[in-house]
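Take a look at the structure below.
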Amino acid sequence: MALTSIIAKRKAVHGQLVQQQRRNEALEKDMVQLEALANLGSATAMIAHEINNLLTPLTNYAELSLKHTDDRELAERTLRRTAKNCRQAGKVMESILSLAKAGCGEKVVIPLLPMVNAVFDCLCRDFTKDGITVELLVSADLQVYASPVSLQQAMMNLVLNAREAMIPHGGKLTILAQADNDGTLIKISDTGCGIEQSEMSRVFDTFFTTKHKKIACGELGRTAGSGTGLGLALCKKVIDAHGGTITVDSHPGKGTTFTITLPKKIIVR
């Protein structure tokens, strides 16, 4: 009887553990979804401002054209500008909707440069307005084996962090990518405030954030969130899911570099 009771208890405990694991997996999926939406929330002011910049000239052109209905050349300019700006706005909306899906998605071989450009399309922000120079050192023919949406989420996180680290003083954001023997190396570097050495070991921990320090000092830009501490944890989760690695090197007052390695696609014969 004692043995039967022990076996029954072990089965019951095992069942509880399985249920808890399923709950944890569901919570992790929710966390990824929430962090993607949090990114969009952080970028909302930028996006709204830039979309307004696309719409305002259309209003001005339309009003001017209505005052000069006989001016065919003006009407053509208005229509061309309208078409151009609507295409740009549509591109931004497509990027936002894609990012908000937050699904890990199937891994495919994709060109990296268009995906990096899509990050900036989604942000819809001219970084020079913040005094930030952006340098993309990514070959047009460089490809990676990845889930496009989840990798875009991770890179958007790192770009937003880099921007916040350089506001309000400005600086330089560099994205360098190159192929190596084992796969692809991606470096995202900024010349911002940097991270204290005592905090380096915790930057990828869930709910750990240093943004509150900058907010307390009034240093973050108007689009910054309060810092959920999920962004870098999400980045690590995404890169781990790709079988890659992500590391950080930072020095206070000198900037930060995040280095991502992604393995090549393994073809099983």
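The values are calculated or read from the model by the stated rules, or taken from the named source; none is laboratory data. Quantities reported herein were computed from a predicted structural model and do not represent experimental measurements. Because the Cβ atoms are built from the backbone with ideal geometry, glycine has one as well, and the counts that use them run over all protein chains shown.
So that you can scan it fast, the table gives a plain yes or no per residue for (1) among the hydrophobic types (A, V, I, L, M, F, W, C); (2) closer than 26 Å to N161 by Cβ; (3) assigned by TED's automatic domain parsing to the domain that holds Q153; (4) at pLDDT below 85:
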{"site": "E28", "(1), (2), (3), (4)": "no, yes, no, yes"}
{"site": "R80", "(1), (2), (3), (4)": "no, no, no, no"}
{"site": "N117", "(1), (2), (3), (4)": "no, yes, yes, no"}
{"site": "T133", "(1), (2), (3), (4)": "no, yes, yes, no"}
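Residue count for region 175-199 satisfying the condition of being hydrophobic (A, V, I, L, M, F, W, C) and over 18 Å from the mean Cα position of the chain (by Cα): 3. Could you check, for region 83-98, whether at least one of its residues is modelled with pLDDT under 75, within 22 Å of A165 (Cβ to Cβ), under 17 Å from the mean Cα position of the chain (by Cα) and assigned to a helix (DSSP H, G or I)? No - not one qualifying residue is present in region 83-98.
Of everything in region 143-178 that is more than 14 Å from F120 (Cβ to Cβ) and of a type in the set (V, I, T), the residue that is surrounded by the most Cβ atoms within 10 Å (Cβ to Cβ) is V144. Does M200 fit the bill of being surrounded by fewer than 21 Cβ atoms within 10 Å (Cβ to Cβ), modelled with pLDDT of 85 or more and either in contact with a Phe, Trp or Tyr (Cβ under 8 Å, 6 or more places away or on another chain) or not charged (D, E, K, R) (or both)? In short, yes.
Take the residues in region 236-255 that are touching a strand residue (DSSP E or B) at 6+ places or on another chain (Cβ under 6 Å) and in a helix (DSSP H, G or I), then tell me which one is surrounded by the most Cβ atoms within 10 Å (Cβ to Cβ).
Taking region 236-255 as the starting set, the residues that turn out to be touching a strand residue (DSSP E or B) at 6+ places or on another chain (Cβ under 6 Å) are 236, 239, 242-250, 255.
Filter once more, keeping what is in a helix (DSSP H, G or I): 236, 239.
Numbers: K236: 19, I239: 23.
Step by step, filter region 236-255, then rank; the result is I239.
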